[in-house]
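Below: the structure, in structure tokens.
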Amino acid sequence: MAKDAPPRWDRRMQQRLARGEAAALGELYDRFASLVHSQAHRMLDDESAADLVTREVFGYVWENPDAYDPKQGSMRSWVVQLTHRQSVRRLRAAEPSPSARGEDGSEEGEQDGGEDTAARQELEERVQRATAAARADYIVASMPAPLRAALELAYIQRRDYRQTATDLGVTEDEARRRLRLGLQLLSTANTRPLEGSAPPGYGRTL
């Protein structure tokens, strides 16, 4: 998965997009398309919807390169935020419309109101879970490579800290330290919203 690019690259990319260089959009797509698609798919659990969000995000970037402010953060962070917001919009757009009430405010409409409220609550819970999952993906992708490698060995390949230390060529104490720091970073995924606090620094969004 792509990492944050140097600020100089971000500024140059924005300038090229502003000049309408199609090659710049292709380069940006090659760098970040898998990140956008995987995040959208994680949130929406739908391949076609993730494909559509990917197209929408890069279409927006192409049409609005000046919406990105390099002083506020990386291009990668901005693209992640665009993906998150567009995915949330699609989640909410898929919410069933409220039950039609009778013109006289009939009892049937009132009974359906409770179901509508429950459906909205379920939707918001799904949005929150998807946001936490997307944030966790972002944190793992953005954390220093040594921490990410330790977490992948421990939680994907199911290595214990001794095996992780051997695989990484570090001491057991260092392996434990990396795992502990990685888990501390991941723990913020469920306590801090993606939109408000991290990743920091975005320009204008969709």
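Here the accessible area is traced with a 1.4 Å probe on the protein chains. For region 118-186, carbon and sulfur cover 50 percent of it. Placing a label point 7 Å from the Cα of ARG11 along the Cα-to-Cβ direction, the residues of region 71-92 with a backbone N closer than 17 Å are 71-76.
Surface exposure of region 47-89, expressed per residue as accessible area with a 1.4 Å probe, stands at 39 Å². At most 11 other Cβ atoms within 10 Å and a DSSP loop assignment: could you name the trypsin sites (Lys or Arg not before Pro) in region 157-190 that fit? Listed in order of number, the matching sites are ARG158.
Equivalent ellipsoid of region 143-189: semi-axes from √(5λ) of the C-alpha gyration tensor, largest first, are 16, 11, 9 Å. With all protein chains in place and a 1.4 Å probe, the accessible surface of region 7-53 carries 46 percent carbon and sulfur.
The values are calculated or read from the model by the stated rules, or taken from the named source; none is laboratory data. From a predicted model like this one, the values you see are computed outputs, not experimental measurements. Glycine also receives a Cβ, built like all others from the backbone with ideal geometry; neighbour counts cover every protein chain displayed. Keep in mind that these areas ignore ligands, DNA and RNA; they rest on the heavy atoms of the full protein, side chains included. Shrake-Rupley method; radii C 1.70, N 1.55, O 1.52, S 1.80 Å.
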